[in-house]
Amino acid sequence: LDLRRMLRRNVAYDGTPVNVYWRRRRREPATILLVCDVSNSVSQLARFLLLLLYRLGEALPSVRSFAFSNTLGEVTSLFRDKDHHTAVETALVRHGRGTTDYGRAMQDLRDLLGTSLNRQTVLIFLGDARGNYFPARAEILANLSRQAGQTWWLTPETADRWTTGDCLLQEYAPHCRQVLTCNKLADLERFADRLLKLTSR
């Protein structure tokens, strides 16, 4: 309640709060960071994941996009300025030819972001989290998640595969708000709608 304004505006009513006033908080717009695995382990799904990345960038305000297989790079301008076919194919050529290393990608992301994360940042990973048995570097994700307002993980795999083989989701999941299966456009639409509602509150 804005008590000072309320008392001032209700003087004519002997202090009885006939009219109630609320303080207005200025809300900074959320910044969405999208990080997409385009490596060999998801080669058949890489184009779909990049299309998800492209469509999310269209649907959500203030988006920065990143792609990786082992080393990670920013593709924000590519996905903003090119049509979806050119953007997807270019991202695959630039970032999709290495051996999957999520730990290295986490390190690169941390170095690229610097101190730009804040509580208005939403961090979204798209990938199967299969890291070829390289170190997960989950402590980096933990630190990024503490700085960000929300961290989500969208994987093309169903929950029964999240603890099999070289999947690192069991190490990453505790640092995420939620891990969701997203392997259809309908899944993406539901998630984008949910995210828009959460970030517009």
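The values are calculated or read from the model by the stated rules, or taken from the named source; none is laboratory data. Remember, it's a predicted structure, so these values are computed and weren't measured experimentally. Counting neighbours? That spans all protein chains shown, and the Cβs are built from the backbone with ideal geometry, glycine included. Accessible surface is based on the protein model in full, side chains and every heavy atom, while ligands, DNA and RNA are left aside. Shrake-Rupley method; radii C 1.70, N 1.55, O 1.52, S 1.80 Å.
List of remarks:
- Within region 110-134, tally of residues that are open to solvent by less than 40 Å² (accessible area, probe 1.4 Å) and either of a type in the set (A, V, I, L, M) or within 26 Å of Leu185 (Cβ to Cβ) (or both): 12
- Restricting attention to region 137-184, the residues being over 22 Å from Ser39 (Cα atoms) and of a type in the set (Gly, Ala, Ser) number 4.
- Lone unmet requirement of (1) in contact with a Gly (Cβ under 6 Å, 6 or more places away or on another chain); (2) at pLDDT 95 or above; (3) open to solvent by 20 Å² or more (accessible area, probe 1.4 Å); (4) at negative phi for Arg137: (4)
- For region 83-99, a residue qualifies if it is of a type in the set (A, V, I, L, M) and either assigned to a loop (DSSP other than H, G, I, E, B) or open to solvent by less than 60 Å² (accessible area, probe 1.4 Å) (or both), and the qualifying residues are Ala87, Val88, Ala91, Leu92.
- Members of region 97-120 that are touching a Ser or Thr at 6+ places or on another chain (Cβ under 7 Å) and either free of Cβ contacts under 8 Å to residues at least 24 places away in the same chain or within 25 Å of Leu195 (Cβ to Cβ) (or both): Asp108, Gln120
- Positions within region 140-178 being open to solvent by 60 Å² or more (accessible area, probe 1.4 Å) and of a type in the set (A, V, I, L, M), in sequence order: Ala159
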